[in-house]
Amino acid sequence: MSILKSVKSFAIGTFIAVISCMAVAGIALGDGTTALQSIEPSTITLGGSAQLTITAIGSEAPAITPPMVPGLEFLAVGQSQQVEIINGVASSKTTVTYQVTPQQAGVFTIPSALPGGEPAVLTVNRGNGPAPPGGAGQSAQPQASSSLPAASTRQGASGAAFVRLRLAKHDLYVGEMIPVDIQVGARDGMVASLNGPPMLNGDAFTLNKLPENPSRTEEIIDGKPFIVFTWHTALVAVKPGTLSLTVDTPLTVRVQSAVRPGAGFFSGSGFEDLLNDPAFQNFFGRSSQRDVTVSSAPETFTVLPLPAEGRPADFSGAVGKFAVSTDLSQDKAGVGDPITLRTHVSGEGDFARVDAPVLHDGDGWKAYTPTSKFTAADEIGYRGEKTFEQPLVSTRPGERAVPETDFSWFDPATRRYEQAHTPPLTVAIAPAPAGSSLASMPPAASPGAAAPTGNGQAPAWRPDHPDRGAASSLTPHYFQPEFVALPPLLLVALSTAWLWIRQGERSAKTARSALAAPPSIESLANQMDGYAAAGDTESFFDTGRAALRRVLATKWGLAPTDVTAEEVISRLGSDSEISRAFLLADEATYSRLKLSAPDFQQWKRIVLRNVDDRVPT
Amino acid sequence: MRRGGFVVGVAIALVGLGVCCAAARAQTPAETPRAAEYSPAHLYNQANADARAGKVALAVLEYERARVLAPADPDARENLRHARELAGVPAGPDDWFERYGRFANPNAMYWIGIAGLALGGGCLLMLRRRTPTRGALLAGMILGAAMVGASLVNAAATFPVLSEAVALEQAAAGVSPVEGADALFAVPAASTVRVLDRHQGFDLIRDSQGREGWVSAANLAPVIPSSAGNDSVSSRAAIR
């Protein structure tokens, strides 16, 4: 056991000696090491990739860790080392090659991986155009430090990264904008890439658009170096209450094959930290990559609603500290000439909630829809000036006054609503040239007149009307239930009438068809035989006459009812059989004529013969 | 049977004409109007009186109401424009269809539509009878259809008026129908807005610029009151 301990102590001692030598050599050769860094190609399009080559030439091989630039992903693709000993002096050349894949377009400055090296610049185009100006390349340049108080740091991803917020205050009003710094710290060598901008958790706040160029600084936290990216932006609370806010950031970390504590050859020796050091592990290629999301420590806010008391009627939602001024594009114009009323709202706050104090048509002015332009005075859009430009046209000549405008806002500092009144502006309006349609416009009333009219006097209202008929309701008949029912009722009545007429026409047609149908000889003979057997002379002749009528009506083109005895006599003569049959039929109806059996048979044959020529006589 | 159809058609046409005559009689001058506040002339005159007294918001409301029954009245239109100028508010929600579709008294147009329906339907019925006046019947049918069409256009153009309201006082349009909600924009007095929804004493309105927000219903008076009779009085009391 003691031998084993001795061997272990020897090994540790030897390792310490080697590492110490390496470290001393590194320090000693720090100034003598030449670092070269190049990227090929230096301009690519989004979706492509470039190769970053880092070369260190010196007496010893330094540890090279991949650089970290937001928007770029680095993947080690090759490493070579060449050691030469000339005249007993060792010289090492270490080359590490990374594949660089951009996640966004821009101009990226990749800091040197080794002290004393020159940064490399990579330009990434969108594909069909140049890279946007002010890209992430600026990120390497440290920016002005924020005056916001530092926040607590809660590390995530096993200490590889952290996200923290720096805020000016935690008590605010709905709609109030406050500056905020979002800081993402990445431990050098342990974070491969940032996979997106920081994002708010929840819907109680809105965040201004994050700049593409976070500032980059270095910070030592708990003795460990971090690269800290800072986004300066502004936060707006959108609902009241006690609210908690966190910020998430997606990133890729290098997961190291850590030496388990208490196990292995170096346990309890103090070498675990050394072995877990990212530089050490990267050098020996003992890490893999994993996507994680790191969240900030929750920040609690007290968000108050805007007070209802004292709220001006024209309050449009602006919260902050503002000043308002107006001016005109010119002080002289002609009738019908456009002039521009510029309203400047400057100060600090959420300018997205600043609405224009708009003038409307009237008072001899024709007003058009204003346009707005915001000029930020800082990088986050918290301070600045919003200018509204509203074109106006005077329809009357004279010394005209542009009406005053009011603007109100809520000031969180004073905790009350503030109002600003712009002073009246005057402009000299020259009459329109003779012949113009505007030339007949009379001069305007003096500025401040309540209701100028065509004659500059009190408003000229059109005269009253004589009272006429009235309606019981203002609701038009179209939309009153009792009237709404009338058109459908009328439609139903019309439809019913249509159907009724159609049905009647069908019935009449059927009846006409039945009336005009040729009688069956057999049925007619049977019918007449029946009446003859019964001695019913009237029915006998009625049946025969009806059959003759149908035949004659068809022959003569008359209605059966129009075939009367007179009509038959006039057409066939009184001596014809048919005429005599018609006369006998009338006689049978009125005089109870009695016939013998042979007479019945004779008249039957006459009828049948005239109904159908095929009947033998 | 043909005679029967002809008689039915004539009867329906006569009924339609009779209804129209009755309606026209109801619209003719009467010595004692049933509800003077809904006479267009009375509303117009009252609006003039309010305008002269400086009650511009109330005047705008009454001009709007007068224009419901007399949309083509040039005096009401001009005075309404003038009142809006005085109040500094833009014209109410109006589009070309509404402007040209509301060309006549909607009640008269309603009866014209009914008469057109009776005329067209009667002519159609009579066309079933073979008659030498077929051309005249066809013309009558086309005329009836035109009358019905005009009435329908007028109804469609009048329909949006049902949801219009006038702000009697300046009000703030908020993001939600609760007291103390964040204000989105200001609704000036006398502006005509369109009410899209109602919720617990608040109206969701859309102004002439297309902006939407919740306004306390107490600040608005509907152009067409929900119940006949006392709305004019209540809104007047509210403004006073």
Response to the item:
In whole angstrom, the spacing between the Cα centers of the range A:537-568 and the range B:41-62 equals 84 Å
Item to complete: Report the full-extension gain for the segment A:Thr496 to A:Gln480: residue separation times 0.36 nm, less the Cα-Cα distance, to one decimal in nm.
Response: 3.2 nm
Practice prompt. At 25 °C and 0.890 mPa s, grab the translational diffusion coefficient of the range A:285-334 from Stokes-Einstein with a Kirkwood Rh over Cα pairs, rounded to a whole number in µm² per second.
Written response: 132 µm²/s
Discussion item. Could you tell me the center-to-center distance, by alpha carbons, between the range A:356-427 and the range B:98-122 in angstrom?
Written reply: 48 Å
Worksheet entry | the range B:141-227 - percent of accessible surface contributed by carbon and sulfur, probe 1.4 Å | 60 percent
Worksheet item: Among the residues of the range B:102-126, which ones have their accessible area go down by 10 Å² or more when all the protein chains sit together, as opposed to their chain alone (1.4 Å probe)?
Response: B:Pro106, B:Asn107, B:Tyr110, B:Trp111, B:Ile114, B:Leu117, B:Ala118, B:Gly121, B:Leu124, B:Leu125
Worksheet, complete the sentence: The answer for the net charge of residues other than A:Leu46 whose Cβ lies under 14 angstrom from its Cβ, with Lys and Arg +1 and Asp and Glu -1, is -1
Worksheet item: Which entries in A:Lys224/A:Lys321; A:Lys332/B:Lys55; A:Lys386/B:Lys55; A:Lys366/A:Lys386; A:Lys373/B:Lys55 show an alpha-carbon gap greater than 32 Å?
Response: A:Lys224/A:Lys321; A:Lys332/B:Lys55; A:Lys386/B:Lys55; A:Lys373/B:Lys55
Worksheet, complete the sentence: Amide H neighbours of A:Glu73 at under 5 Å, excluding residues fewer than 5 places away on the same chain, with H built from the backbone geometry, are A:Thr101, A:Gln103
Worksheet entry | For the range A:524-531, 3J(HN,Hα) per residue [Karplus equation, 6.51 cos²θ - 1.76 cosθ + 1.60, θ = phi - 60°, Hz, x = Gly/Pro] | 5, 4, 4, 4, 5, 4, x, 5
Fill in: Between the range A:216-242 and the range B:197-212, the Cα center-to-center distance that results, in Å
41 Å
Worksheet item: Scattering from the C-alpha atoms of the range A:307-434 alone, worked out with Debye: what is log10 I(q)/I(0) at q = 0.10 1/Å?
Response: -0.36
Fill in: Interface burial for B against A (accessible surface, 1.4 Å probe, total of both chains, Å², rounded to 100)
5500 Å²
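Counting only other chains, what is the mean number of Cβ atoms within 10 angstrom of the Cβ of each residue in peptide A:232-241?
The per-residue average across the peptide is 1.
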Worksheet item: Other chains near B:155-166: what is the mean number of their Cβ atoms within 10 Å of each residue's Cβ?
Response: 2
Worksheet item: Between A:Ser591 and A:Ser520, what is the label-to-label distance in nm when each label sits 7 Å out along the Cα-to-Cβ direction?
Response: 3.6 nm
Practice prompt. Taking every Cα atom in the range A:87-130, find the radius of gyration and the maximum pairwise distance Dmax, and write them in Å.
Written response: 16.2, 55
Worksheet item: What order do you get for B:135-142, A:299-306, A:348-355, A:503-510 when each peptide is scored by the mean count of other beta carbon atoms within 10 Å, highest first?
Response: A:348-355, A:299-306, B:135-142, A:503-510
Practice prompt. Take the Cα radius of gyration of the range B:76-180 and divide it by 2.2 N^0.38 Å, with N its residue count; two decimals is plenty.
Written response: 1.69
Worksheet entry | Descending principal axes extents, the range A:334-375, alpha-carbon based, whole Å | 38, 17, 13
Discussion item. If I ignore ligands, DNA and RNA and count only protein heavy atoms, how much of A:Trp461 is accessible to a 1.4 Å probe, in Å² to the nearest 10?
Written reply: 40 Å²
Item to complete: Using a 10 Å cut-off on Cβ atoms, rank the peptides A:328-339, A:565-576, B:63-74, B:174-185 from the highest mean neighbour count down.
Response: B:63-74, B:174-185, A:328-339, A:565-576
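The values are calculated or read from the model by the stated rules, or taken from the named source; none is laboratory data. Because the structure is predicted, anything quoted here is derived from the model rather than measured. Neighbour counts run over all protein chains shown; Cβ positions are idealised from the backbone, glycine included. Surface accessibility is based on the protein's heavy atoms, side chains included, excluding ligands, DNA and RNA. Shrake-Rupley method; radii C 1.70, N 1.55, O 1.52, S 1.80 Å.
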